């Protein structure tokens, strides 16, 4: 039986909302997987049952995103934060330089960790304008021969997103932290050397990180690298080197099947554009009462950030929203204001409810 009528709208930046059919199927199968007699929380990761789940999730990922055969699909632990260290461990050899584009808090964390491994050059930054935009191509200054260029495609705190990939030097791998906008639209994986994403926004639940890495970039970790940090180990054992995040991979497969059944990434893109468009139209149509943080060309489809005329009004807005079942709208402390996170699975009805509240709040307090 569905409990959807009891659910509120979750605008949290993450962990984020999951498709209701996925939650219901996971709940129905939690005590015993059909035909197995055990919970997915109990099955061995070496069993044929889990191999079918794990390898099936990989196959569904390849089908959904058109991932080429010369890319490995890996399911690892440690969150995107561990990838801040794993990426340079594997791709930044001694004496080389990695280029990073700084577009917010998460790219800054990636830069900090990469500097512990080797030389880092910041090829561009939006820090001077409080990360309200994506650096233009003409602002980027790459090092002579970077080992790779690292970007963060969506910035949850500031509400900015790449809508065009940066042009990087020929032959240089582009590495993308896509944690907060993975599969929000169709993606040409062949344009990247490596994509990584924490699962808890658009893919699954917390505890799993997706890594899509071109095979020629695997096998480059130094001999003294910790074994878990070597992509080659995970590629060789198809993410089963050690006990993997079993339940997050199971939920991932349910999400992937749901996305495929709903029309794939083209359908996801259409919904996401429509949802974000409604919120930005409400902001732009408020006569300045609501002020977006991000410059229009860099506005995120996933995280819509805006301010009200005063902090007191913002507190009142959040309180009224929470009372109305619109949860998690308080902005990050470094930006303030309001942040509406509307990831892939966020229902459009929740966006409509927020737009209605915005209009009513302005009418009463404008």
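None of the figures in this text is laboratory data; all of them are computed from the coordinates on show. Nothing here was measured: the structure is a model prediction, and the numbers come from that model. Heads up, the Cβs are rebuilt from the backbone with ideal geometry, glycines too, and the neighbour counts pull from every protein chain shown.
The overall shape of region 131-288 is oblate: from the C-alpha gyration tensor, with semi-axes ordered a ≥ b ≥ c, the ratio a/c is 1.5 or greater and a/b is no larger than b/c.
Counting alpha carbon pairs within less than 8 Å and at least 6 residues apart, what relative contact order, in whole percent, applies to region 264-365? Write down the numbers at each step before the final one.
Numbers: 110 pairs, mean separation 29.5, N = 102.
29 percent.
Calculated [222 nm] ellipticity per residue, helices only, for the chain: -11000 deg cm²/dmol; basis is -39500 (n - 2.57) per DSSP H run with n ≥ 4, divided by all residues, nearest 500. A simple packing score, the average count of other Cβ atoms within 10 Å per residue, orders the peptides 288-299, 239-250 as 239-250, 288-299, with the highest score first. FRET efficiency for the residue 20 to residue 144 pair, using the beta carbon distance and R₀ = 41 Å, is estimated at 0.20. Label positions at residue 224 and residue 238, each projected 7 Å from the Cα along the C-beta direction, are separated by 3.5 nm. With each label modelled as a point 7 angstrom along the Cα→C-beta vector, the residue 352-residue 216 pair spans 5.0 nm. Peptide packing for 277-287, 345-355 was compared via the average number of neighbouring C-beta atoms within 10 Å per residue; ordered from the highest value, the list is 345-355, 277-287. Between the beta carbons of residue 51 and residue 122, assuming R0 = 56 Å, the FRET efficiency works out to 0.85 to the nearest 0.05.
Can you order the peptides 126-134, 194-202 by their average number of other Cβ atoms within 10 Å per residue, highest first? The partial results should precede the final answer.
Numbers: 126-134: 17.6, 194-202: 25.9.
Ranked from most to least packed, the peptides come out as 194-202, 126-134.
Compared with the alpha-carbon gap, the fully stretched path from residue 360 to residue 312 is longer by 15.6 nm at 0.36 nm per residue.
For region 24-261, rounded, prolate or oblate, judged on the Cα gyration tensor with a ≥ b ≥ c (square roots of eigenvalues), a/c < 1.5 rounded, else prolate if a/b > b/c? Prolate.
When both bridge partners sit in region 24-261, DSSP labels roughly 45% of those beta bridges antiparallel. Overall shape: prolate for region 264-365, with the ratio a/c of the largest to smallest alpha carbon gyration tensor axis at 1.5 or above and a/b above b/c.
Rounded to whole Å, give me the distance from the Cα center of region 102-152 to that of region 315-366. Taking the Cα centre of region 315-366 as reference, the centre of region 102-152 is 31 Å away. A crude spin-label estimate for the pair residue 185 and residue 267, with each label 7 Å from Cα along the Cβ direction, gives 2.0 nm.
As a length-normalised measure over Cα pairs under 8 Å and 6 or more apart, the relative contact order of the chain settles at 23 percent.
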